[in-house]
C-alpha cells in the first residue's frame, strides 16, 4: 500500500519569507497524482496545488510551487512571500492512477506565520 | 454552488447512542468519500462511493459503522452504538471521479461521544 510521510510536524516562517514543506511517498506505481491540501482553523480542506506524475514540469499556483522529484519520491511545497493567511495545517496526498479513487494523506505539517 | 454540505456541524452524544451524519455532495459529482480525522491517526478514508455504489469500505473501523448513499445527492454515515473513541471530525468529500480531479471537502462534523 502507498504511504505518505510528512516528517515536519510543525514549521514556522516569518511573514514575507519563503518556507518549504517536505513530503515523501512510497509507491511501486509509475503513474499517479500528488496533491497539497491546506486546512486552516476553520477546518475546511482546500486544495492548494496538484501534480501529475507523468509531467516533468513542476506545478505552480501563484505563490505556491512544488519540487517534484519522481526518482526520489519527493514532493515538497514551497510557499513564497508568506502571508498571515497561510497559517494552517498542510497535508500532502497521493492518488493512484489505477481504477479506484483512493487518496492517501500524510500526517500533516502545522505552519505558523510570524508577523 | 454551495459546495459539499454536512450536517450537523457539531454533535455531542452519550456512549451507546446512535449517531447519523449527513452529507450532500456537489451536484454533478459522482464520487463521494467519508473521512475521519483525529490527532492520533490523522485523516483516514472510511469508505467511498462511485455512482452511489460503495467501492471500498475497508477503512470502516468495525460493524458499528455503516454508510449509505440512496441517491446521487445524499449520503449518511451511521454509528450504532457510539463509543467515546469514535470522537473525531468526520469529513465528507466529493469529486467528479476523474483521476486528476480534486476532492472537494465539506466543513466536517465534530463528533463528541461522552
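Counting, for every residue in A:34-42, the Cβ atoms of other protein chains within 10 Å of its Cβ and taking the mean gives 2. The relative contact order of chain B, computed from alpha carbon pairs under 8 Å that lie at least 6 residues apart in sequence, is 37 percent.
Between segment A:37-72 and segment B:36-93, the alpha-carbon centres lie 26 Å apart. Averaged over A:48-59, how many beta carbons belonging to a partner chain fall within 10 Å of each residue's beta carbon? For this peptide, the per-residue mean of nearby foreign Cβ atoms is 1. With Rh defined as the Kirkwood radius, the inverse of the mean 1/r over Cα pairs, the Rg/Rh of the protein assembly as shown is 0.97. Extent of segment B:68-110 along its three principal axes (Cα atoms, max minus min coordinate, largest first): 36, 21, 16 Å. Contact order for segment A:1-42, expressed relative to its length and based on alpha carbon pairs under 8 Å spaced 6+ residues apart, stands at 43 percent.
Whole-percent P(r), chain A, all Cα pairs, 10 Å bins from 0: 15, 49, 29, 7, 0. Is the C-alpha gyration tensor of segment B:30-104 telling us rounded, prolate or oblate? Criteria: a/c under 1.5 is rounded; beyond that, a/b larger than b/c is prolate, otherwise oblate. The shape class here is oblate.
In whole Å, how far is the Cα centre of segment A:1-32 from that of segment B:1-27? Each part's Cα centre sits 30 Å from the other's.
Peptide B:27-33 is shielded by partner chain Cβ atoms: per residue, an average of 1 of them sit within 10 Å of its Cβ.
Every number in this text was worked out from the coordinates using simple rules, so none of it is lab data. Quick caveat, the model's predicted, so the values are computed rather than measured. Positions of Cβ are generated from backbone atoms using ideal geometry, with glycine treated the same way; all protein chains shown enter the neighbour counts.
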